[in-house]
Every structure is written in structure tokens, then in C-alpha cells.
Amino acid sequence: MRYLLSFIIILSSFLYGSEADDIIKAVEDNLRGDFMYAKMRMIVTGQRGERTIEMESWSQGDTKSFIKILYPKKDRGITFLKLDTQMWQYVPKIERTIKIPPSMMLQSWMGSDFTNDDMVKESSMIKDYNARLISKTASSATIELLPKPNAAVVWGKIIVDVDISNKVPTKEIYYDDQMQKVRIMTFSNIQRHGSHNLPMIMELKPLDAEKKKNSTKIIFEKVNYDTPIDASYFSKNALKRYSN
Amino acid sequence: MYKIAFDLAWKSLIRRKTRTLMVIMMIALSLSGLLFLQGLYDGMVSHMINTSIRSDSGEISLYAKQYRLEKTIDYHIDDPRAIKAYLHQSKEIDAYAIRLSGEGLVATAHKSLGATLKGVRLEDERRFGDFDTFLFQGKFDFGPKKQEALIGFKLAEKLKVTTGNRLVFTAQDASGEINAISFRISGIIKSGNLAVDEGSVFVSIETMEQFLALPNSATQIALRIKDKSQVNSIQSMLQKKFSTLDVLRWDELYPLLIEMRDMMDIFNWLSYAIVFAVAALGIFGVILMSILERMREFSIMMAIGTPYKNIRYQVISEAFIMAIAGYIIGAILGLGFLVYTASSGIDLRYYQAGLESFGLNAILYADIRYHYFFQAFASVFFATSLSILWPLHVLKKIKPIEIIQGKML
Amino acid sequence: MLYSLAIKNILASKSRTLTIFLLSMFATAFFIVYVAFTNGSHEQMIKSSVEIYTGYAHINAKGYQEESDYDHLIEDAGQIETFLNQKPFVSNFSPRFETYALLSQKEKTVGSMITGIIPSRESSFSHLKSSLVKGSYLEDNDTRAIYIGSDLAKRLSIDVGDEIAMISSSLDYSTAADLFKVKGIFKTGLFDFDSSSAFVNKTYLDSVMMSENKASYFVVSFIDNKAADHYVETLNNDLPQNYEALSWKTLLFDLVQLIQVDSLFGYISISVFFVVIFFVIMIFNYVNIYARVRQIGLLRALGFTPKDIRVLLFNELLIIALLSVSFGAIVGAVITYYLEIYPITISGLAETYKEYGIISDTIPTHFDTFTIIWNALSIFILNISSMFYPIYKINKLSVTEAMRYV
């Protein structure tokens, strides 16, 4: 009897484990397209007030992406190219392309609460984390993601709320190594684009005492999944070529 | 005959015991002070040299040419196996450590800082420089899967991390790709070598080779030489043998330390010179006085046929009995200070920040070396000899008859 | 009566008097010069750290020391400007705007500190201008001119006249980018500073960074920088709530401690010299007095009380001590003063010790009247304390003992 019981417990935890993995995998598959074009607005709120950045992005898988800033006027034409783990920036005002050095990877990207590294990293939750189902209802699930021992991630854990039917996350809470909350990401306004469901609003809130007032909100205005994007976007020449 | 002179010297010292004691105390106290200072300063410098050798350079280090200048992994030693095999069989070399280092960024969920990631073998480092004794907190271990790291204590302070915390290290690999790797902190290192304490993270060299995509490579091979007097000749021998590499001695890698040691030596000699020049004056005063006081006595002795050299012997004996007594008391006192300071140390934790910013321990330990006592003896001997020259000259010019008649003095 | 007798006695035993005199004079002069050297080198350390760039005091928004970001700037530099102008004890001040930027030249991109300064005001208290090694220093109406550290220039392989790109984030977090021409290269000797700092005229940088009327902090110097602590306290009492003033002792805490440790060792070392000098003076005083035991016995027989004898001997020794210490102080002061103007120079010194922030080949000496006075006073006290025992000892002898003393 004891044997049977322990067998069931092991089996069920195994099942739970795989179910959690399945859910996360479904979410990632849903969000990732072979190609994606998007026009978005990023609203950065900080101690000195609010500002809006508008941009377009073209991406292929999650190794290549190209971003162009449209607004504010001052920044218009600034382009970013990301190939694998490297990132370049072109600034039309000075007509220069520079490669973002490793020492800058953890600096803020465009003054937002995202770092350059956030923009570059092909962090796959399935690859880097072990998923465990914490709770589940018919429509939603809460999953705990613990980094795999050798995953190069700074987080201690991530708690993800998933909308199961739409295969999108609704909330992600990031913890540091001491299991203190560091930042919260929320996702809302889910819309269907071709075969993908996408939350059109993403908001990031850092929880460090110093950054209490900060937040970064990304609003997708136009999304196009699965229309092939010309390879010319993913070369260093594109930085200048597509700048205006 | 000399025995009588010696007895007389002894008696005269006892008769004027106040001034005898003053001279002995003067020699003893200043000598013990000097010994203490010398040991303390030597202790400081040798501590710094020692930690630099043990935590980094060894007596000799091998680098790829250009590496010292550019500090990038583009300049690494390819395939150190042949060198390793050679070092292994070499009788002159006590231990060696092969390291593969890369510069990059170390980050937590809150903060990131520039740092050096050093791939090492702990077993080699232990043999190389008792590196495990630098462990300040935690374990001296990279864990079963080599995913743990040791971190310098100042860096840990700046990142606000401790053992058990996770770090992510980002760096460019050999092909220019930016990669990241994570470690859990197993231990915190406090070595006294600023480069180590402020900016180094130690991980297993195998992990590092993979991370940098540099299998079988090294940026530094540090050697411990058995016979320290052979360092120079071994260096030139190694340089000939490995002509494509830079072969550098520790004092070439840390020129400042050797400068400091030289400065301290000069300072010590200068202190001895000045203190004993003054002390000689003190002895001189007492001896001259005692001669002048006893002119009549000496004159009578000479008049009854005592040879001049006996009287001279008596004066010399007086001076040296005081000097030797002073030396013995001073040496014992100094040794006491030194033994105490060498074992218990002087606690300067109040000034911790300042001392550590200079690579010194907050508790200072003295060195004790034989040569201190020889040097001290030589100084006392020299000062005493010097101090009696003039009094003896005065003594020699004695005209016994005139003095007895009261014409002199 | 006792005085004239004392002086007669002093003159009578010339050689012994001369020995004590020379010894205590030598001790005084030596001590003064030694302390002047120690203080000089400390002053140099402070100078090289404080005066090159840091400055004697900063005024910044609270929290800036911990988190030097755009959320902790001085938002109204004009207000601080007016505030400082009203302080009579503030001799000079200037705002700085510091930010992190990428400097890029062809293939090389290096992260560096970019600081907006008011060139003319800056040169009145930091060594930036005098550290120029090539090209020229900034001017107040410069625009795209950058003044760059020698090691940073090396890292970027650029020279005077070359153009470099700067990319940073402006105050509204939009991208601030501009091209600058290298106007001058400086070398202070502080390696970290020279390898990661560059300067631009603040008025121009403000237009790029949108940081008009903002500052990271104000550097302040005072009419008397030795009293910086006191002035900083005064400033802190008057400053608006969300600002703080910090003295260099807080800004450079490690350095302050290091100097204290060094002084401590200096005094331990000098105490050994004191011990030996104390004993030698005491021995000579003793010998000097005992040489005149007969005379003292005679005086006692003539009706002098032990107290009279004490006063007589004390006067004698006091006169010698006073003269020798004053003379020693003068000699020490002259040497110190001379060395301060014409310091000893060891060529190559700065090169060897540049990592420790030693920036000149000269061995600095510091002339300070107050220090000289207390140095001289210590030797004088040492002198006095070495008199007691011999005088006490001689008065214990009875008249007959003294008369018969051989």
C-alpha cells in the first residue's frame, strides 16, 4: 500500500511537471512566429515623468531582429540590429554604427526598464527553467519556473499566470535569488493575429524601492505574423539603409 | 691582570648604578623598539609579497606575448600540455597553476559590475599557494557539477551577494559571441591581493574553457620555485625554452612591492643609524664622565705601575658590559614584542577600510628573522666602539704626575 | 641671583652644555623635518586625490552617492548657485554633469564617463587644465570639443584633432548622440581617471543631454580648505531639505583612513627616536649635575635650601632647553621652508608609483607654523621631563656626602 501510494505521488508529480512544461511550451509556440512584423508604442514612466517611443520591428525566429525608432522626432531613424547575441545601433544624427559592448548589455534600453540584454537574449523558458504547476482551473494556470542549475539567468524564480485557452501569459512575477520580488510583467488585451494570440499590452513594473515610480508599457498597434521578411533587414547594411 | 681590570670595571659600574642603569635602559628600550618596528614593517611588506605570490603570480608566471598589455583572450597560450608535462618533471618547480581568465560583466537581478572570471583548478591552487586559507566564508569547492564559484570579498560586498547566491557572468568568447553563464557562490575569498578581492570570480577551468570556447588553453601559467635563490636563472632558462611566451618574475609583475621592500630596508637602516648615533652619544657622555671623575684614580694606578692598556681595558669593559646588558635586555624585550605581534597580531580593525584599500590585513603580524638580532648587535657594538674612542684618547693624554699634583683638572 | 648663577654655571661647563644643546637642537630640527615630510606626503596624497578632480566638498541630491542616476540630479542648479553665492566662506564652486556614455572610434567602442564642466570655473580649483599634455584645454564657448584622458585616448587609438562619436542617454532617456573633435589630452597620473574620463563644455553638453540648469553635483572649495568639515556642516544646516553637502573626508573615506594609519606608523617610529633622545638628554643632565656635586655641597653648606638648589638646577637646564629647542625649531623651520620651496626631486618616482596616485617626482614637504610649534613643544616637554630624575637624585645627597663625593 505504501509503495502504491508513493508510486502515485511520483507519477502525479511527473505528470504535473510535464503538464506545466506543455503549457509553457504551448505559450512559447504561440507567441513565436517564424516571422513577425510589429508597430508598437512604448510608454516609459519614470521619476522625471512619462515619455512615449514609437517603433517598428521585424524579426525572424528569435535569433534575428531589427528595430527602427519612429518617434520621438529626435530619435527617429535610430535602428537596432540583433543577430544571435550581438547587437548594433545606428544613429543617423552622427551617421555612425556602433556595436553595443558586453559592458553595456545590462544597461537600460532606450531608457526603459528593459536592459539591452532583455532585448538580445534568446531566453527560452523551456530551455532555461524547470516548470511546475502550482494551480490550475479550466481557463488558467499558475506555473512556477525555477532556473535549471546551469541556466545563465539572474532570476531566482518566475511565477507565471497563463491564460490556457489563448495560450498567453497574463502575469509574470520575477524573483531574485533571495526570492524577493524584483519585477512584475502584466499582459492584457489579447487579440488574434493569424494563427497567433497576442496580448496587445505588456507592462513591466520594477519593484526595487529605488524604482517604485517606474514602469514600461508596450502597446502593439499593428502586428503581422508569418509574412516572410526580406533577409536584407538582418544585415549590418540594413541599419543605415532602413534608417529613414 | 685583565681579570682585575674587569673586576674594577664591574665595581665602578655598580658604584654608579644610576647612570649605568640609564645607559642600559636607553639601549634596551630603543633596541626593542627598533626590533619591533623592523619586524612589523617587514611583516607588512612580506605579507603583501606573499599574498601576491600565493594568490596570483607565483615566483614566475608565463603569459602569451602581448597578453599583459592587451588583457584579452586573443592572446592566450595554446595547448599548455607540453609546458605542463615539462613542469611536471622539472625538479626546480614545486607547484604550478594553469589559469584561463576572461574579462566581462557579473550580474545579479539587481546590479552588474565589471569583473575577471578566472578558470582554475582548486587542487592546483591549494598546492600552489594554500589558496584555501584565503577562504573567508563558505566552502572551498566548485561543487559536483562545477557550477559553483568563489568570489573576492570586495566584489561580493559591492554586488551585495553572499554564499548560495547566484551570479550571471557575461563575456565575449573566442569567436566574438557574447555568452552568459551562471554560477552559485560557494565561497568568498579574502586574499589581501586587491585584484583578487575587488574584481575576481574563480570558477573551474574546464567550465571556463567551454564558456570561452577555448579548449585546452591558458592565459597564465604560474610557477612556484623550490629554491628561491634560483628564480633568476630558472627564469632565463624558461625564457629560452619557451621563447614564444613572456616569462616574468613576481617582482616584474608587482614592481611596487619590491620598491616597498627596498624602501622599508632603507628606512630600517636609517632608523638604526640615527638611533644608535644618538645612543652612542649617551654612552660617550657616561664613559667620558666616569673617566674625568676618576682621573686621579687612574693616575695613581699608573703611577704605581699599572700599564696603560689595563686601564684602557677597564674602560672598554665598562662600556661593553653596559652595551651587552642593554643588548640582551633589549633583544629579549624586542623578541617578546615580536613573538606577541607575530602570533596575536596588532588589531587595527578600526582602520580596516584604509588598510584593505592598500592590500593589507586589518590585523598586522610581525616577521621575526635572525638577522634582526645580528643587525641589532652590530649596531650596538659599533655605537659603543665609536662612543669610547674620544674618552680613550683623553685617557691616553693623562699626565699622572700633574694630575696627582692637582695641576690638571 | 639664582639666574645669574645658573648662567655662570652653564658657561662654566661648556662642552657638556654644548652637547645637550646640540642634541636637543638636533632632535627638535629632526622631528620638525620628519613631521613635515610625513605631512607633506599626506598632503600630496590628499592633493592628488582631492585637488585633481574630486574637490574639497560636493553638494548633491540625497541618494546620489548610492545611485548616481538621472533620478538623483540637482534639478535646479540655479537655486544651488544662488545659495552658494551667498556663502562668504565658499571661495569657488562649479556644477558638473556626469554621465555614462559610449565613445566610439571606427571599430573601437569604449564605455566612459563624460562630464560637462564650465571650463573657466573648473580650472580655478581642479587640476584638469594643468594636466594637459597635448592640444589645448576647453573654453567656455566650445561646442563639439572633447578633452580626454590619455589612457582613454590610447584605448580608443585617437589623437588631438580626431573625431569621435558619443552615444548616451539624454535626460528624457532619448538617445543623445554627437560627434566631438578631440581638443586636448590630459594626464593626471591617476590611472583609473585617465583611462575612463572625458570632458565637454557643460553648456554644449547640456544642449545634447537636455540637462540645462541640471547638475550631478556642485564641487565646492572654501576660503580655508582645512576647515572643510566645519563649512560642510554649516552648508548642511542651510541647504534645502533634499540636498546634502559632503566633505572630501566622506567622499574619500579609504584615503583618509590610509593616511591615519600611515601617521600612526610614523608616530610609532618617531617614538623610538624619542626614547633614545630622552635617555641621552637625561644622562647628560645627570652627568652634568653630578660633575658639580662638590659645588652643590658647597652651596648647601653656604645655606642654600634643597629648594634653592632645585630652582638653580632647574633654571640652568631650562635655559639650555629653551635655547636649544628654539634654535632647533628655527633650524627645522628653515630646512622645512627651504624644502617646501625647493623640494627634493627623485626622477622616475611618479612613474613607479603612479598606480598609487603619486603624481610628481618631488618629495613634498609641508611647512606649517602650528605643526612646528607643537613639534618643538613636544621636544621641550621631553627635555623638561628628563630633568626631574637627576635633580631629584642630587637633592637626596646630604651635604657631607656631596662635599665628599668623588
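Which of the residues belonging to the stretch C:120-149 are modelled with pLDDT of 90 or more, small (Gly, Ala, Ser) and surrounded by fewer than 20 Cβ atoms within 10 Å (Cβ to Cβ)?
Answer for the stretch C:120-149, where residues must be modelled with pLDDT of 90 or more, small (Gly, Ala, Ser) and surrounded by fewer than 20 Cβ atoms within 10 Å (Cβ to Cβ): C:SER120, C:GLY135, C:SER136.
Check whether at least one residue in the stretch B:217-224 is at pLDDT 85 or above and in a helix (DSSP H, G or I), and report yes or no.
Within the stretch B:217-224 (the criterion being at pLDDT 85 or above and in a helix (DSSP H, G or I)), the answer is no, since none of the residues qualifies.
Which of the residues belonging to the stretch C:70-100 are touching a strand residue (DSSP E or B) at 6+ places or on another chain (Cβ under 8 Å), over 27 Å from B:LEU113 (Cα atoms), in a helix (DSSP H, G or I) and of a type outside the set (Asp, Glu)?
If the condition is that a residue be touching a strand residue (DSSP E or B) at 6+ places or on another chain (Cβ under 8 Å), over 27 Å from B:LEU113 (Cα atoms), in a helix (DSSP H, G or I) and of a type outside the set (Asp, Glu), then C:ALA77, C:ILE80, C:LEU84 are the ones that fit.
Give the number of residues within the stretch B:172-183 that are touching a residue at least 12 places away in the same chain (Cβ under 8 Å), under 17 Å from A:VAL154 (Cα atoms) and either more than 8 Å from chain A (Cβ to nearest Cβ) or among the aliphatic types (A, V, I, L, M) (or both).
Total satisfying the criteria: 3.
Can you tell me which residue within the stretch C:171-185, out of those that are buried (at least 21 other Cβ atoms within 10 Å of the Cβ) and within 16 Å of C:GLY111 (Cα to Cα), is nearest to the other protein chains (Cβ to nearest Cβ)?
C:ALA177
How do the pairs read when you match residues in the stretch C:128-143 that are within 26 Å of C:SER48 (Cβ to Cβ) and in the same structural domain as C:MET166 (by TED's automatic domain parsing) with residues anywhere that are of a type in the set (D, E, K, R) and at pLDDT 90 or above, using Cβ under 8 Å and keeping only pairs 6 or more apart or on different chains?
Listed pairs, sorted by first residue: C:LYS134/C:ASP159; C:GLY135/C:LYS183; C:SER136/C:LYS183; C:TYR137/C:LYS183; C:LEU138/C:LYS183.
Of all residues in the stretch B:80-126 being within 14 Å of chain A (Cβ to nearest Cβ) and small (Gly, Ala, Ser), which is farthest from B:ILE60 (Cα to Cα)?
B:ALA109
When you go through C:GLU66, C:GLU75 one by one, which is the residue that is under 24 Å from C:SER170 (Cα atoms), free of Cβ contacts under 8 Å to residues at least 40 places away in the same chain and either of a type in the set (Lys, Arg) or within 14 Å of chain A (Cβ to nearest Cβ) (or both)?
When all the criteria are applied, what remains is C:GLU66.
Failed condition for B:MET289, given (1) within 13 Å of chain C (Cβ to nearest Cβ); (2) in contact with a Leu (Cβ under 9 Å, 6 or more places away or on another chain), with all others met?
Here B:MET289 meets the rest and fails (2).
Being more than 7 Å from chain B (Cβ to nearest Cβ) and hydroxyl-bearing (Ser, Thr, Tyr) is the filter; apply it to the stretch C:242-270 and report the residue that is surrounded by the fewest Cβ atoms within 10 Å (Cβ to Cβ).
Among those that are more than 7 Å from chain B (Cβ to nearest Cβ) and hydroxyl-bearing (Ser, Thr, Tyr), it is C:TYR267.
If we scan the stretch C:213-232, do we find a residue that is modelled with pLDDT of 90 or more and out of contact with any strand residue (DSSP E or B) (no Cβ under 8 Å at 6 or more places or on another chain)?
Yes.
Looking at (1) surrounded by 15 or more Cβ atoms within 10 Å (Cβ to Cβ); (2) aliphatic (A, V, I, L, M); (3) under 28 Å from A:ILE53 (Cα atoms), can you tell me which one A:ILE159 breaks?
Result: A:ILE159 fails condition (3) only.
When you go through C:PHE284, C:PHE327, C:PHE278, C:PHE304 one by one, which is the residue that is part of a helix (DSSP H, G or I) and more than 14 Å from chain B (Cβ to nearest Cβ)? Talk me through it step by step, then tell me what you get.
On the way: C:PHE284 fails: more than 14 Å from chain B (Cβ to nearest Cβ); C:PHE278 fails: more than 14 Å from chain B (Cβ to nearest Cβ); C:PHE304 fails: part of a helix (DSSP H, G or I).
None of the others qualify; the one that does is C:PHE327.
Pick from the stretch B:327-386 the residues that are of a type in the set (Gly, Ala, Ser), away from chain C (no Cβ under 12 Å) and farther than 21 Å from B:ASP265 by Cβ: which of them is farthest from the chain's Cα centre (by Cα)?
B:SER385
Could you list, in sequence order, all residues of the stretch B:150-160 that are at pLDDT 90 or above and more than 20 Å from B:GLY192 (Cβ to Cβ)?
none
Does C:LEU322 count as farther than 30 Å from C:GLN65 by Cα, away from every other protein chain (no Cβ under 13 Å) and surrounded by fewer than 20 Cβ atoms within 10 Å (Cβ to Cβ)?
Criteria met by C:LEU322.
Being within 27 Å of the chain's Cα centre (by Cα), buried (at least 17 other Cβ atoms within 10 Å of the Cβ) and in contact (Cβ under 8 Å) with a residue 24 or more places away in the chain is the requirement here; does B:PHE142 meet it?
no
Answer yes if at least one residue in the stretch A:99-110 is crowded, with 21+ Cβ neighbours inside 10 Å and in contact (Cβ under 8 Å) with a residue 24 or more places away in the chain, and no otherwise.
Yes, the stretch A:99-110 contains at least one residue that is crowded, with 21+ Cβ neighbours inside 10 Å and in contact (Cβ under 8 Å) with a residue 24 or more places away in the chain.
If a residue counts only when it is over 30 Å from C:PHE253 (Cβ atoms), free of Cβ contacts under 8 Å to residues at least 12 places away in the same chain and not polar (S, T, N, Q), which helices (runs of 4 or more DSSP H) contained entirely in the stretch B:343-409 have at least 1 such residues?
B:370-396, B:400-404
Any idea which of (1) touching a residue at least 40 places away in the same chain (Cβ under 8 Å); (2) among the polar types (S, T, N, Q); (3) out of contact with any Lys or Arg (no Cβ under 8 Å at 6 or more places or on another chain) is the one A:ASN214 doesn't satisfy?
(3)
Return the residue satisfying two criteria in turn: it lies in the stretch B:96-143 and is assigned to a strand (DSSP E or B) and hydroxyl-bearing (Ser, Thr, Tyr), and of such residues it is modelled with the lowest pLDDT.
Checking each candidate, the answer is B:SER112.
How about the stretch C:44-80: which of its residues are over 21 Å from C:ALA198 (Cβ atoms) and of a type in the set (Asp, Glu)?
C:GLU66, C:GLU67, C:ASP71, C:GLU75, C:ASP76
Just to verify a result, which residue in the stretch C:286-305, among those that are under 49 Å from the mean Cα position of the chain (by Cα) and not hydrophobic (A, V, I, L, M, F, W, C), is farthest from C:LEU397 (Cα to Cα)?
C:ASN288
For the stretch C:87-112, what are the residues that are free of Cβ contacts under 8 Å to residues at least 40 places away in the same chain and either surrounded by 19 or more Cβ atoms within 10 Å (Cβ to Cβ) or among the hydroxyl-bearing types (Ser, Thr, Tyr) (or both)?
Residue satisfying the conditions is C:THR109 alone.
With the requirement that a residue be within 9 Å of another protein chain (Cβ to nearest Cβ) and hydrophobic (A, V, I, L, M, F, W, C), what does the stretch B:130-171 give you?
The answer is B:VAL161, B:LEU167, B:VAL168, B:PHE169, B:ALA171.
The values are calculated or read from the model by the stated rules, or taken from the named source; none is laboratory data. Quantities reported herein were computed from a predicted structural model and do not represent experimental measurements. Backbone-built Cβ (ideal geometry, glycine too); neighbour counts: all protein chains shown.
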